[in-house]
1. Within region 53-70, count every residue that is in contact (Cβ under 8 Å) with a residue 24 or more places away in the chain and either of a type in the set (Val, Ile, Thr) or in contact with a Ser or Thr (Cβ under 9 Å, 6 or more places away or on another chain) (or both).
2. Restricting to region 38-60, what's the tally of residues that are in a helix (DSSP H, G or I) and more than 30 Å from Thr10 (Cα to Cα)?
3. Taking the residues in region 1-32 that are among the small types (Gly, Ala, Ser) and loosely packed, with under 10 Cβ neighbours inside 10 Å as candidates, determine which candidate is nearest to Asn89 (Cα to Cα).
4. Just to be sure I understand, how many residues within region 155-174 are over 13 Å from Leu123 (Cα atoms) and without any contact (Cβ under 8 Å) to a residue 24 or more places away in the chain?
5. Specify the residue that is surrounded by the fewest Cβ atoms within 10 Å (Cβ to Cβ); the eligible residues are those in region 57-115 that are among the hydroxyl-bearing types (Ser, Thr, Tyr) and within 13 Å of Asp126 (Cβ to Cβ).
6. Output the residues belonging to region 33-56 that are surrounded by fewer than 15 Cβ atoms within 10 Å (Cβ to Cβ), among the hydroxyl-bearing types (Ser, Thr, Tyr) and over 12 Å from Ala92 (Cβ atoms).
7. Which of (1) within 17 Å of the chain's Cα centre (by Cα); (2) at pLDDT 95 or above is the odd one out, the single condition Ser103 does not satisfy?
8. I need the full set of residues from region 60-109 which are touching a Phe, Trp or Tyr at 6+ places or on another chain (Cβ under 9 Å), more than 16 Å from Val179 (Cβ to Cβ) and not charged (D, E, K, R), in order please.
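The values are calculated or read from the model by the stated rules, or taken from the named source; none is laboratory data. A quick note: this is a predicted structure, and the numbers were derived from the prediction, not measured. Note that we place each Cβ from the backbone using ideal geometry, even for glycine, and neighbour counts take in every protein chain shown.
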Amino acid sequence: MIGSVQAVWTVMANGFSINSGIGDIDRLLSRGGMDSMLLTIWLIIGAVTFGALLEKFGLIDRLVQPMIAAAKTTGRLYLSVFCTGFGLNIAAGDQYIALVLPSRIFRVEFAKRGLAPQNLSRLAADSGTVTSPLVPWNSCGAFMGAVLGVPTLLYLPFALFNIASPALSVFYGYTGFKVVRAEPVTESEGA
């Protein structure tokens, strides 16, 4: 029993190799385990740490406030959220930061303008999560590149959903299509 548990842990850490005589099966089942993913894991840890520091010191808020001030229309506000999410994917290198921070930063502004929270949720997902595989040094892009064995910039032209989804969300903001309204909330009401 203990030998079996030890064997499982060894395979998970160092990988598994099989010699079945069928080349395709051997390539499919012979993998490197967690050891082969350490570089990607360190990249993810570094990206999360960097993003946390950016948030803690208020640098992202400082960069975004001029965009909010310039966003006079719903379309421009949507574009600001997209630029923030995609910019965080590029700068912070982690999709979780690019998803959470724009949601927190723009929440009050969406409430003031009478835009329902689901608008911001959809837009943050489209700009933060969906675009993350398109950035090679982003944790998601690095992971997909390592697992698939295809460099990010090679699959970029074929990532139609990843390009079209955020573009449609911003387009909706400019046209008002699928923009759900809510009662505007003032700052004194606790937006």
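1. Residues flagged as in contact (Cβ under 8 Å) with a residue 24 or more places away in the chain and either of a type in the set (Val, Ile, Thr) or in contact with a Ser or Thr (Cβ under 9 Å, 6 or more places away or on another chain) (or both) within region 53-70 amount to 3.
2. 9
3. Checked region 1-32; the qualifying residue nearest to Asn89 (Cα to Cα) is Gly23.
4. 5
5. Filtering first and then ranking leaves Ser103.
6. Within region 33-56, just Ser36 meets the criteria.
7. Going through (1) within 17 Å of the chain's Cα centre (by Cα); (2) at pLDDT 95 or above one by one, Ser103 breaks only (2).
8. Val64, Ile68, Thr84, Ile90, Ala91, Ala92, Gly93, Ile97, Ala98, Pro102
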